[in-house]
Amino acid sequence: MNEKRRDALRIATVLGLAITAGILKPTDVLAADWKSSGFDAKSLQEALAALGADKAAISTDIAVNGPDIAENGAVVPVSVSSNVPNTEFMAILVEKNPTPLSATMTLPAGTEANVSTRVKMGGTSNVHALVKANGKWLIASKEIKVTLGGCGG
């Protein structure tokens, strides 16, 4: 058995035991509340509407961090942080991508509202951080210039 299959089998075994023992619920592991509609959107407004955030307010309590200039649009590091109490959801949207919604994160209560990932960017675009906190939608933006496109560019 190759090493990757062995690792996958170990992980599956540990998760299965944790579910059986009641330590984890299947919904914790299997992302039962997955909603793909935002990822199907072809414009920023469609993605915001699909998430229910089409009336998000601009907030200075949210920060979008990333390079001013990305040399390779295929792997652009982006981080989002929120100083708003009770932040429960974060999303990263790349305005000019063919499908703007790049990532969503649901944050359990008490979690530090600071996430990092890498996104693919087809070209220079505004990157938006969308946050839901205390039942309100908030948004912040940063322009990132891309010298080599990553979405077929």
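Compute the length gained on full extension between residue 75 and residue 126: take 0.36 nm times their separation in residues and subtract their Cα-Cα distance, giving the result in nm to one decimal.
16.8 nm
How much length would be gained if the chain were fully extended between residue 13 and residue 40, taking 0.36 nm per residue of separation minus their Cα-Cα distance, in nm to one decimal?
6.4 nm
Residue farthest toward the positive end of the dipole of segment 41-148, with Cβ of Lys/Arg at +1 and Asp/Glu at -1: which of 124, 140, 87?
Among 124, 140, 87, the one farthest towards the positive end of the dipole of segment 41-148 is 124.
Would you mind computing, in nm to one decimal, how far apart the modelled labels at residue 112 and residue 83 are, each placed 7 Å from Cα along Cα→Cβ?
A separation of 1.6 nm, rounded to one decimal place.
From the phi angles alone, apply the Karplus equation (6.51, -1.76, 1.60; θ = phi - 60°) to segment 45-56 and give each ³J(HN,Hα) in whole Hz, x where the residue is Gly or Pro.
5, 4, 5, 4, 5, 5, 7, x, 10, 5, 10, 5
Can you give the % of DSSP beta bridges in segment 41-148 that are antiparallel, to the nearest 5?
Within segment 41-148, antiparallel bridges account for around 90 percent of the total.
Going through the cross-link list 4/120; 42/136; 96/136; 55/132, which pairs have a Cα-Cα distance over 19 Å in this structure?
In this structure, 4/120; 42/136; 96/136 exceed 19 Å between Cα atoms.
If you count only protein heavy atoms with a 1.4 Å probe, what accessible area per residue comes out for segment 83-126, rounded to a whole Å²?
Accessible surface, normalised per residue, equals 52 Å².
Per the 1.4 Å probe, what fraction of the accessible area of segment 41-148, in percent, lies on carbon and sulfur atoms?
48
The values are calculated or read from the model by the stated rules, or taken from the named source; none is laboratory data. The shown structure was predicted, so the numbers you read here are calculated from the model rather than taken from an experiment. Don't worry about glycine lacking a Cβ; one is built from the backbone with ideal geometry, like all the others, and counts go over all protein chains shown. Areas reflect the complete protein model, heavy atoms only, side chains present, ligands, DNA and RNA absent. Shrake-Rupley method; radii C 1.70, N 1.55, O 1.52, S 1.80 Å.
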